[in-house]
Each structure stands twice: as structure tokens, then as C-alpha cells.
1. Would you pick out the residues in the range 1-53 that are of a type in the set (D, E, K, R) and exposed (fewer than 10 other Cβ atoms within 10 Å of the Cβ)?
2. Looking at the range 21-31, can you tell me whether even one residue there is assigned to a helix (DSSP H, G or I), at pLDDT 95 or above, within 51 Å of the chain's Cα centre (by Cα) and among the aliphatic types (A, V, I, L, M)?
Amino acid sequence: MTEKENDLLAIFENRIHKLIKLYDEKKHHIEDLERSLKEKDEIIRQNKQMIEALQAKYTNLYTARRLAEDEAEFQNARKRVNKLVREVDRCIALLMLND
């Protein structure tokens, strides 16, 4: 081999080593990105589960609140009706006394 061919071969080997090094760096970078992506996917999955749990809890609390309001409203209406019935009974009693 001539000196020029040896120089070209050395340059070629040098570039091959740089290319291999660059490939390894990019491969590690891709692995890091894939690992990061998996972690973020797991965080997203956990957050979705948390959102679903909170939505279910909200729905339960909302339903319980509505039932409590309805129950309180029912109790208030019942008290008003009982009071009106007592007043009607008193009126009837007074009317009967006046006869």
C-alpha cells in the first residue's frame, strides 16, 4: 500500500470510530428518552386513575348531598304539614265548641 492509501485508510478508520461513537451516544440518548417516556406514561396512567377515583368520589358526595337536601326538605315539608293539620284540628275544635 502506498502512503496515500494508508492515510486514506487511517482517515476512514477514524471516521468509522467517530460514527460508531456517535451511534452509541444516540442509542443511549434514545434509551434515556424511551425510559423517560415510560415513566411519563406511568404518571399519566396514575393521574387518570386518580381523576376517575376523584370523579367517582365527587359523584358520590354530590348524590349524598342531594339526598341530604331532599331529606331536609322532606322533613321541613312534613313539619309544615303537621303544623297545618294541628291548626285545622284546633279550628275544627273551636267550631265544634261554638255549635
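1. Start the filter on the range 1-53 by keeping residues that are of a type in the set (D, E, K, R), which leaves 3-5, 7, 13, 15, 18, 21, 24-27, 31-32, 34-35, 38-42, 45, 48, 52.
Hits for the range 1-53 are Glu3, Lys4, Glu5.
2. Yes, because at least one residue in the range 21-31 is assigned to a helix (DSSP H, G or I), at pLDDT 95 or above, within 51 Å of the chain's Cα centre (by Cα) and among the aliphatic types (A, V, I, L, M).
The values are calculated or read from the model by the stated rules, or taken from the named source; none is laboratory data. Note that the structure is predicted; figures quoted are calculated from it, not measured. Heads up, the Cβs are rebuilt from the backbone with ideal geometry, glycines too, and the neighbour counts pull from every protein chain shown.
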